[in-house]
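**Q** The structure's right below; bear with me while I get my questions together.
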Amino acid sequence: QVQLVESGGGLVQPGESLRLSCAASGSIGIYNVGWYRQPPGKQRELVASITSGGVTNYGDSVKGRFTISRDNAKNTGYLQMNGLKPEDSAVYYCNLNRRGTFNIWGQGTQVTVSS
């Protein structure tokens, strides 16, 4: 089945930017793409999502700073993260889903925002 591999995480200072990628091993066009994160000791939360039709949704804490996108020709989803804050530090997970039929996760990539 389709597998997802996240990349692009790392250590940055507050105010800096990162671009996460979610590369799929197969076609993603019919699926919704989501980015979730899990800070240490906290529950997983939705960061952003984009439907197969291109409709986006963002968590309140990242609205205006993060942008989700997709390139179906490259079978890849992206999360552009600008104006990073220490509270953004978390493991970020990519999700690919289609209601009632499909739901898979990547392995996660660490994002650490610290001075």
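**Q** At 0.36 nm per residue, and after removing the present C-alpha to C-alpha distance, how many nm does the segment from residue 104 to residue 63 gain when stretched out fully?
**A** This chain segment gains 12.3 nm when fully extended.
**Q** Run the paramagnetic zone check for residue 71: 7 angstrom along Cα to Cβ, then residues of region 1-23 with backbone nitrogen under 15 Å.
**A** Residues 7-8, 19-23 fall inside that zone.
**Q** Now a separate question. Which whole-number percent gives the relative contact order of the chain, counting Cα pairs below 8 Å spaced six or more residues apart?
**A** 36 percent
**Q** Something else: If I stretch the segment between residue 27 and residue 13 completely, what's the gain in nm (0.36 nm per residue apart, minus their alpha carbon distance), one decimal?
**A** Full-extension gain reported as 1.6 nm.
**Q** Now, a different point. About its Cα centre, what dipole magnitude does the chain give when the only charges are +1 on Lys and Arg Cβ and -1 on Asp and Glu Cβ, stated in debye to the nearest 20?
**A** With Lys and Arg at +1 and Asp and Glu at -1, about 220 debye.
**Q** In nm, to one decimal, how far is the residue 80 label point from the residue 1 one, both placed 7 Å along Cα→Cβ?
**A** A separation of 3.2 nm, rounded to one decimal place.
**Q** Does region 20-63 classify as rounded, prolate or oblate by the C-alpha gyration tensor (a ≥ b ≥ c root eigenvalues; a/c under 1.5 gives rounded; else a/b over b/c gives prolate, otherwise oblate)?
**A** It comes out oblate by the Cα gyration axes.
**Q** What's the local net charge at residue 38, with K and R +1, D and E -1, over the other residues with C-beta under 9 Å away? List each step's numbers first, then the result.
**A** Working: positive: 37, 42, 44; negative: 45.
Charge balance near residue 38 sits at +2.
Bear in mind that the values in this text are calculations on the coordinates, not laboratory data. Quick caveat: nothing in here was measured; it's all calculated off a predicted structure. Neighbour counts run over all protein chains shown; Cβ positions are idealised from the backbone, glycine included.
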